[in-house]
1. Might you let me know whether the range 77-85 holds any residue that is closer than 18 Å to residue 112 by Cβ and outside any loop (DSSP other than H, G, I, E, B)?
2. For the structure I just gave you, tell me whether residue 88 is in contact with a strand residue (DSSP E or B) (Cβ under 7 Å, 6 or more places away or on another chain) and part of a helix (DSSP H, G or I).
3. Do you know which of the residues in the range 108-129 that are out of contact with any helix residue (DSSP H, G or I) (no Cβ under 9 Å at 6 or more places or on another chain) and in a strand (DSSP E or B) is surrounded by the most Cβ atoms within 10 Å (Cβ to Cβ)?
4. With the condition kept exactly as written, say whether any residue in the range 4-16 is surrounded by fewer than 17 Cβ atoms within 10 Å (Cβ to Cβ), touching a strand residue (DSSP E or B) at 6+ places or on another chain (Cβ under 9 Å), under 26 Å from residue 131 (Cβ atoms) and at pLDDT 95 or above.
5. Just to verify a result, which residue in the range 31-55, among those that are in contact with a helix residue (DSSP H, G or I) (Cβ under 8 Å, 6 or more places away or on another chain) and not in a strand (DSSP E or B), is farthest from residue 16 (Cα to Cα)?
6. When you look at residue 105, is it in contact with a strand residue (DSSP E or B) (Cβ under 7 Å, 6 or more places away or on another chain), loosely packed, with under 13 Cβ neighbours inside 10 Å and closer than 19 Å to residue 132 by Cα, yes or no?
């Protein structure tokens, strides 16, 4: 089953917790054992799994990526979002998560995040649930 969700970012760069979207898709699917693929069809956004307990982790990730890949650099791509394309490529646009007993297998402190690198925008996230 395929589920489509809308995510609205408020900043140019931010990590948005979308764990609740995954839980919703699993519940709506009725799948007890299987897999979830979470996909963002955007070239300046990404999907990642990381710590969800300490909110400063999200800021550290964004700040370090911005230091590593600055917005203003001598990029050849002139739309003003070259850094966002590079960050998206490094992080990746999808994740796969195992479902067991109707729940995603995530570590105690883990959450699922939509990584926005060129906001604020309205974005789509697709979640495909497979039985198996």
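The values are calculated or read from the model by the stated rules, or taken from the named source; none is laboratory data. As the structure is a prediction and not an experimental result, all values here were calculated from the model. Cβ sites come from the backbone with ideal geometry, for glycine too, and all protein chains shown count toward neighbours.
1. Here is the first cut: in the range 77-85, the residues closer than 18 Å to residue 112 by Cβ are none.
For the range 77-85, residues closer than 18 Å to residue 112 by Cβ and outside any loop (DSSP other than H, G, I, E, B): absent.
2. Details: in contact with a strand residue (DSSP E or B) (Cβ under 7 Å, 6 or more places away or on another chain): yes; part of a helix (DSSP H, G or I): yes.
Considered against the rule, which asks whether it is in contact with a strand residue (DSSP E or B) (Cβ under 7 Å, 6 or more places away or on another chain) and part of a helix (DSSP H, G or I), residue 88 comes out as yes.
3. Restricting to residues being out of contact with any helix residue (DSSP H, G or I) (no Cβ under 9 Å at 6 or more places or on another chain) and in a strand (DSSP E or B), the top hit is 123.
4. Yes - at least one qualifying residue is present in the range 4-16.
5. So in the range 31-55, the residues in contact with a helix residue (DSSP H, G or I) (Cβ under 8 Å, 6 or more places away or on another chain) come out as 36, 38, 42-48, 50-52.
After this cut, where a residue has to be not in a strand (DSSP E or B) as well, the list is 42-44, 52.
Details: 42: 15, 43: 17, 44: 14, 52: 10 Å.
Out of the qualifying residues, it is 43.
6. Against the criterion (in contact with a strand residue (DSSP E or B) (Cβ under 7 Å, 6 or more places away or on another chain), loosely packed, with under 13 Cβ neighbours inside 10 Å and closer than 19 Å to residue 132 by Cα), residue 105 qualifies.
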